Amino acid sequence: MERTARERLLTFLLVPAIVVGVLVLGWVTFRTTFQLDKLRQQSVIEATLTLANEKVDRLDKRIVDEDNVVLAETDLSQLPHVAHRWLLTAARETPTVRAILVLDPHGPDYDIVAFTSRAGGGPEDDAFRRLLVARMVRDMDLRDTPPDELRHLHKTYGGQSYLVSYASRTAHNGRSYLIIAWHDVARIVHDMMPRILADTGSSGARFNVVDEDGRIVFGPPLRGGELLVGKHFPTTLYGWRLQVALTSAEELSANVERRRLFEAVMVGLSCVVVIAGILVVVFAAERERRLSAMKSDFVANVSHELKTPVSLVRMFGELLLSNRVASDEKRREYLQIILNESDRLTALIDNVLDFSKLEQKKSAFELAEGDIGQVASRAVEVYRYRAEREGVELRVELEDPSPRAVIDERAIELAIINLVDNALKYAKDGKIVCIEVRSRGRFAEIRVRDFGPGIPLEDRRRIFDRFVRGRLSANAQVRGSGIGLALVRHIAEAHGGKAWVESEVGEGSTFVLAIPMTGVVANEPIREASAG
Ligand code: ADP
């Protein structure tokens, strides 16, 4: 049957449209949550940045506070007393300042006019002084320094980090001097940083400080992914950077990862479900289409099949009416033909009626114990005349005593009629059709054997399905409706038995109907030859 325009539209337009729709929907969902995550991330980064700013400012302020103390206490007019005054409160007021110096920046050798160290002088102090005049002063920004403006130099010399604060001041004599505070960087790291950075409040943040080369000088390594925020110290330790990771940010990035994965899986799954749904619908529609095509073939086939017996009955009836039949013997023969053909007709109509009951799941069998041999003989008799006419010998072999079973006799007869009818239809070239009734285990088997063309394997699997006709028979223009074997199988199963075919192409076929016998203990399964 040709596909209708609507079906084509469904398959070629609607299905891709649905698939594209689902993909777009999935993508939009994915993108929206992605953007939401980005926004959330941004707000976390902003919060982290605020915290970082606060911390670097605090550390800067502490150092600058100390510097201011130093500047306040360094009176250029009383240089000899500076050491005394400062050292008194140094431990409390300026804990990270290691030494104070006053330097004359104008002389060629940068004279150190005053030097007060909390360490009380020593090789380290000497080394620092040499470093200061030899290298540090050159790195300081001394151009038009306004008086008392505090500046800082943070630099690594010989692998060691130095921080000095300096300010220019003019003495009474009109000369300007540099007041320098040498900060103990190790002290800042070990005393000041823990105090400032340990207090994380409720933010649950973790900090570390890294140097110019990214080496950690304070704190643990941090893994914040994209949510790690870095901030340079603005004035004092400007070579270094404070890094902050909100603990919640680490969780957040893990969550984001997890959710992205989950969403990808969900989108993938829904695509699979939708595509599977579409496939099911398309296949169901295709099946429905094929079934309805089969049904209309069926109606045509059945009508065709009904015509033959009717025309035979009519022909012989007219012959009898015309009084042109010579002998009584001939007359009886014609009457017999009419009887047989009407039996065939009845069987055919029964077939169709039973089948429609079966389709509506209404078939009810009237079961009673009966003799299977007798039923088989009756069925064969219906075809006697037709077999003779077609030159086929119908051989009946009954086991003695004949097996008995609880059966619906009419149904079993109908099944056998179908099998014999098929043998005459498809295998009359084999000249012999054997109908054998025998017991095997707890089953009575009715075997209808022919020596016809046989049935190819791919047909053998399907011919018991409704409306299915073999390819050879369709080609050979043999009439049929495709419901005979479906009925046979249904009848067998309704009796607790089974129907199957054993066949070899070119050698004929044996259709077997196996029904459980009465009075036999049920312990043997139905033996079914593997289709041929
Ligand atoms: P129908 O005979 O009306 O086509 P059936 O259900 O009785 O429908 O049979 C289904 C198909 O099985 C037939 O079309 C035919 O191809 C195949 N078949 C049945 N019996 C025989 C047989 N004895 N020899 C060869 N093919 C057979």
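The values are calculated or read from the model by the stated rules, or taken from the named source; none is laboratory data. Predicted, not measured: the structure shown is a model, and the values here were computed from it. Glycine gets a Cβ as well: all are built from the backbone with ideal geometry, and neighbour counts include every protein chain shown.
Summed over the range 421-470, the residues that are part of a helix (DSSP H, G or I) and under 18 Å from Ile491 (Cα atoms) give a count of 2.
The rows are residues; the columns are (1) assigned to a helix (DSSP H, G or I); (2) closer than 30 Å to Val280 by Cα; (3) in contact (Cβ under 8 Å) with a residue 60 or more places away in the chain.
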residue	(1), (2), (3)
Leu9	yes, yes, no
Phe12	yes, yes, no
Val24	yes, yes, no
Leu71	yes, no, yes
Trp86	yes, no, no
Arg92	yes, no, no
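Where residues in the range 355-364 are of a type outside the set (S, T, N, Q) and part of a loop (DSSP other than H, G, I, E, B), which of them is modelled with the lowest pLDDT? Only one residue tops the list, namely Lys362. Just so you know, in the range 381-412 the residues that are among the hydrophobic types (A, V, I, L, M, F, W, C) and within 15 Å of the ligand (Cβ to nearest atom) include one that is surrounded by the most Cβ atoms within 10 Å (Cβ to Cβ), and it is Val392. Within the range 262-274, residues that are within 13 Å of Val19 (Cβ to Cβ) sit with their Cβ atoms under 6 Å from residues that are among the aliphatic types (A, V, I, L, M), at 6+ positions apart or across chains, in these pairs: Cys271/Val22; Val274/Val22.
Of all residues being polar (S, T, N, Q) and closer than 25 Å to Gly214 by Cβ in the range 123-174, which is surrounded by the most Cβ atoms within 10 Å (Cβ to Cβ)? Just the residue, please. Lay out the reasoning, then the answer.
Keep residues of the range 123-174 that are polar (S, T, N, Q), which gives 145, 156, 160-161, 165, 168, 170, 173.
Filter once more, so that each one left must be closer than 25 Å to Gly214 by Cβ: 156, 160-161.
Details: Thr156: 13, Gln160: 10, Ser161: 18.
The extreme case among them is Ser161.
One residue stands out among those in the range 496-509 that are surrounded by fewer than 20 Cβ atoms within 10 Å (Cβ to Cβ) and over 22 Å from Glu409 (Cα atoms): the one that is modelled with the highest pLDDT, which is Glu502.
Could you tell me how many of the residues in the range 406-420 are assigned to a strand (DSSP E or B) and farther than 11 Å from Asp371 by Cβ?
Counting residues in the range 406-420 that are assigned to a strand (DSSP E or B) and farther than 11 Å from Asp371 by Cβ gives 1.
Scanning the range 371-386 for residues that are in a helix (DSSP H, G or I) and of a type outside the set (Gly, Ala, Ser) gives Ile372, Gln374, Val375, Arg378, Val380, Glu381, Val382, Tyr383, Arg384, Tyr385, Arg386. Ala531 meets each of the listed conditions (1) modelled with pLDDT of 90 or more; (2) more than 9 Å from the ligand (Cβ to nearest atom) apart from (1).
Considering only the range 325-333, I want to know if a residue exists there that is at pLDDT 80 or above, surrounded by 13 or more Cβ atoms within 10 Å (Cβ to Cβ), more than 30 Å from Leu10 (Cβ to Cβ) and of a type in the set (Val, Ile, Thr). Yes; the residues of the range 325-333 include at least one that is at pLDDT 80 or above, surrounded by 13 or more Cβ atoms within 10 Å (Cβ to Cβ), more than 30 Å from Leu10 (Cβ to Cβ) and of a type in the set (Val, Ile, Thr). Report yes if some residue within the range 387-405 is farther than 20 Å from Gly496 by Cα, part of a strand (DSSP E or B) and of a type in the set (Lys, Arg); otherwise report no. Yes.
Within the range 413-438, the only residue that satisfies the criterion of being away from the ligand (no atom under 16 Å from the Cβ) and either within 54 Å of the chain's Cα centre (by Cα) or crowded, with 22+ Cβ neighbours inside 10 Å (or both) is Val437. Within the span defined as the range 455-463, every residue fails to be closer than 30 Å to Leu367 by Cα, within 15 Å of the ligand (Cβ to nearest atom) and more than 52 Å from the chain's Cα centre (by Cα). Scanning the range 476-498 for residues that are over 42 Å from the mean Cα position of the chain (by Cα), closer than 22 Å to Val433 by Cβ and more than 8 Å from the ligand (Cβ to nearest atom) yields Ala476, Gln477, Ile491, Ala492, Gly497.
For the range 365-374, state whether one or more residues are within 60 Å of the chain's Cα centre (by Cα) and modelled with pLDDT under 85. For the range 365-374, residues within 60 Å of the chain's Cα centre (by Cα) and modelled with pLDDT under 85: present. On the stretch given as the range 300-338, residues that are closer than 18 Å to Gly480 by Cα and charged (D, E, K, R) total 2.
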